[in-house]
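Novice: What follows is a single structure, and I will ask about it in a moment.
What follows is calculated from the coordinates using simple rules that are stated; it is not laboratory data. Note that this is a predicted model, so its numbers are computed, not measured. Positions of Cβ are generated from backbone atoms using ideal geometry, with glycine treated the same way; all protein chains shown enter the neighbour counts.
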Amino acid sequence: MSYLIKYFRRDERGATATEYALLIVFVALAIAFGAQTLGQGISNLFSQIGTQLSIINPVLPKPPGP
């Protein structure tokens with residue numbers, strides 16, 4: 001029984017896999033949060049551009065007449 005306990009204490013394969021899994025989760029969360037923030041920023045930018053364009057009232061030249 002003591003051999004089995006020593007074996008599991010020395011075996012670090014599961015710890016390494018867990019560390020990689022946590023790293024992947026944190027990277028995925030960072031990407032998701034960054035994409036959401038970037039998407040909101042782009043949406044706000046286009047809303048501001050649309051607002052500014054709707055304020056503009058262009059004066060069209062009169063068409064040439066006979």
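Novice: Tell me whether region 54-64 contains one or more residues that are among the small types (Gly, Ala, Ser), assigned to a helix (DSSP H, G or I), surrounded by 10 or more Cβ atoms within 10 Å (Cβ to Cβ) and free of Cβ contacts under 8 Å to residues at least 24 places away in the same chain. Spell out how you get there, then give the answer.
Specialist: Let us first name the residues in region 54-64 that are among the small types (Gly, Ala, Ser), namely 54.
Still in the list and also assigned to a helix (DSSP H, G or I): 54.
Now narrow it down to the ones that are surrounded by 10 or more Cβ atoms within 10 Å (Cβ to Cβ): none.
No, because not a single residue in region 54-64 is among the small types (Gly, Ala, Ser), assigned to a helix (DSSP H, G or I), surrounded by 10 or more Cβ atoms within 10 Å (Cβ to Cβ) and free of Cβ contacts under 8 Å to residues at least 24 places away in the same chain.
Novice: Which numbered condition in (1) over 17 Å from the mean Cα position of the chain (by Cα); (2) surrounded by 10 or more Cβ atoms within 10 Å (Cβ to Cβ) is the only one that Leu29 fails?
Specialist: Failed condition: (1).
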